[in-house]
Number of protein chains: 2
Amino acid sequence: MIDKLKNIAVFASLSDDSLRELAMHIEYIKHKKGTIIIRADKIEPHFYVLEKGIARAFCDGENQQITFWFGQSGNVLFSFNSYINNRPGYENIELLENSTLLQLRLSDLFSLYDQHLEIANWGRKIAEQELIATERRLIDRAFKGAAERYQEFIAQSPELIKRVALKHIASYLGVTQVTLSRIRATYK
Amino acid sequence: MIDKLKNIAVFASLSDDSLRELAMHIEYIKHKKGTIIIRADKIEPHFYVLEKGIARAFCDGENQQITFWFGQSGNVLFSFNSYINNRPGYENIELLENSTLLQLRLSDLFSLYDQHLEIANWGRKIAEQELIATERRLIDRAFKGAAERYQEFIAQSPELIKRVALKHIASYLGVTQVTLSRIRATYK
DNA sequence: GGCAACATTTTACAAATGTTAAAAAATGAG
DNA sequence: CTCATTTTTTAACATTTGTAAAATGTTGCC
């Protein structure tokens with residue numbers, strides 16, 4: 001089990017001791033493409049790590065869904081508001097492919113944070129990495145046009161372009177699908 | 001010193017023991033309005049807490065500055081990329097008023113993270129709170145028009161509206177100053 | 001294969017925001 | 001207080017992006 005965890009990106013920095021602690025609380029689960037694993041307006045009691053598959057987080061609007069996050073193999077996957085504030089979340093998380101996940105109760109994770117220094121710092125780094133990635137996206141929206149953001153998305157996430165519907169990528173980039181189509185038509 | 005720290009929002013949750021540990025490494029400093037306390041492209045070796053004053057973080061573009069963050073009394077203030085990745089940052093931080101700050105070496109802070117469980121979890125929560133606030137802003141950009149974002153900014157940050165130049169608020173909201181002026185003219 | 005459901009592109013038009021420049025208002029130093 | 005500087009507003013026009021609807025393309029199931 002520990003060797004298996006070591007191969008997953010988010011666990012790579014942890015000592016065997018910490019991995020053993022975590023492994024005691026981890027369950028493997030599988031879900032099919034299309035499963036909504038986390039639902040808005042519910043307190044989600046688990047923290048997941050995506051072992052295999054692709055996921056998206058989205059919010060529902062009146063006549064649109066906005067995808068604001070993609071997860072790939074090795075990424076963590078949780079309801080921000082449940083995890084951080086113990087409140088119902090605003091986001092849904094959908095699996096876009098048949099996936100395998102590691103599941104960990106938040107209550108167990110929080111106990112580990114309060115008992116285990118290395119795991120507490122691991123949790124800190126997870127939040128910090130998400131933070132810097134999110135802030136970069138916010139800044140990119142200000143400095144770069146939609147076309148440039150699309151080009152960079154292709155460069156940085158070649159897997160996602162192949163495997164994710166364009167309508168999801170459009171809202172992730174902050175434009176409508178029509179605009180994304182126009183951008184794509186320009187670079188043909 | 002410890003009692004003084006307790007009055008600052010970001011320290012409120014810490015035990016006396018943790019506050020004593022932190023206090024050993026904290027220096028008080030003052031700076032005048034207009035001081036750029038953190039500069040892009042440098043590794044910033046300190047972590048600051050704003051005791052009194054207002055600050056903004058901005059990036060320089062070709063013919064514009066984009067403000068993407070405001071700090072008020074009790075907020076922490078650091079170069080994301082220095083703090084998180086030990087690399088030169090992309091942001092400048094400017095004090096918009098005469099300010100008093102608490103200064104802490106990152107190297108000291110990281111030592112505390114590696115030695116002190118409560119402080120490690122305190123650092124985790126700081127990152128998590130920034131993360132959730134940043135993500136909310138990214139989502140708000142998708143669902144709300146500029147006028148609505150302005151209204152909410154007024155409601156949530158009445159102090160900032162009074163004390164910060166509108167040109168900074170415009171870029172924070174993701175519009176030009178001309179557009180913000182038009183929005184303001186509408187609600188008169 | 002053929003059909004139904006869904007995804008993507010295209011078109012025409014509308015709305016929002018950006019750009020540039022100039023005027024008006026506010027601020028701050030001496 | 002006055003002048004110079006900076007900030008904010010206003011105006012005219014250009015550009016980008018959005019909306020709605022139709023056309024085309026793709027996928028998967030029976």
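Within the range B:126-143, the set of residues being under 12 Å from residue A:127 (Cβ atoms) and facing chain A (nearest Cβ under 8 Å) comprises B:127, B:128, B:129, B:130, B:131, B:132, B:134, B:135.
One residue alone among A:98, A:86 is farther than 26 Å from residue A:13 by Cβ, touching a residue at least 40 places away in the same chain (Cβ under 8 Å), within 16 Å of DNA strand D (Cβ to nearest atom) and surrounded by fewer than 17 Cβ atoms within 10 Å (Cβ to Cβ), and that residue is A:98. I need the full set of residues from the range A:21-59 which are under 15 Å from residue A:75 (Cα atoms) and among the basic types (Lys, Arg), in order please. A:52, A:56, listed by residue number.
Residues are listed down the side, and each one gets a yes or a no for (1) crowded, with 20+ Cβ neighbours inside 10 Å; (2) more than 16 Å from DNA strand D (Cβ to nearest atom); (3) basic (Lys, Arg); (4) within 25 Å of residue B:160 (Cβ to Cβ):
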{"residue": "B:13", "(1), (2), (3), (4)": "no, yes, no, yes"}
{"residue": "B:21", "(1), (2), (3), (4)": "no, yes, no, no"}
{"residue": "B:28", "(1), (2), (3), (4)": "no, yes, no, yes"}
{"residue": "B:32", "(1), (2), (3), (4)": "no, no, yes, yes"}
{"residue": "B:41", "(1), (2), (3), (4)": "no, yes, no, no"}
{"residue": "B:47", "(1), (2), (3), (4)": "yes, yes, no, yes"}
{"residue": "B:58", "(1), (2), (3), (4)": "yes, no, no, yes"}
{"residue": "B:74", "(1), (2), (3), (4)": "no, yes, no, yes"}
{"residue": "B:78", "(1), (2), (3), (4)": "yes, yes, no, yes"}
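Taking the range A:83-131 as the range and being among the β-branched types (Val, Ile, Thr) and under 18 Å from residue B:128 (Cβ atoms) as the test, the residues that pass are A:84, A:93, A:119, A:126. Going by the structure shown, is residue A:153 surrounded by fewer than 19 Cβ atoms within 10 Å (Cβ to Cβ), over 15 Å from residue B:125 (Cα atoms) and more than 14 Å from every other protein chain (Cβ to nearest Cβ)? Against the criterion (surrounded by fewer than 19 Cβ atoms within 10 Å (Cβ to Cβ), over 15 Å from residue B:125 (Cα atoms) and more than 14 Å from every other protein chain (Cβ to nearest Cβ)), residue A:153 qualifies.
Would a scan of the range B:98-119 turn up a residue that is part of a loop (DSSP other than H, G, I, E, B), within 19 Å of the chain's Cα centre (by Cα) and not β-branched (Val, Ile, Thr)? So far as the range B:98-119 goes, yes, one or more of its residues are part of a loop (DSSP other than H, G, I, E, B), within 19 Å of the chain's Cα centre (by Cα) and not β-branched (Val, Ile, Thr). Among the residues making up the range B:119-129, a single one is surrounded by fewer than 18 Cβ atoms within 10 Å (Cβ to Cβ) and of a type in the set (D, E, K, R): B:125.
Where a number appears in this text, it was derived from the coordinates with a stated rule and is not lab data. Given the structure is predicted, the values throughout are model-derived calculations rather than measurements. When we count neighbours, we look across all protein chains shown, and the Cβ atoms used for this are built from the backbone with ideal geometry, even at glycine.
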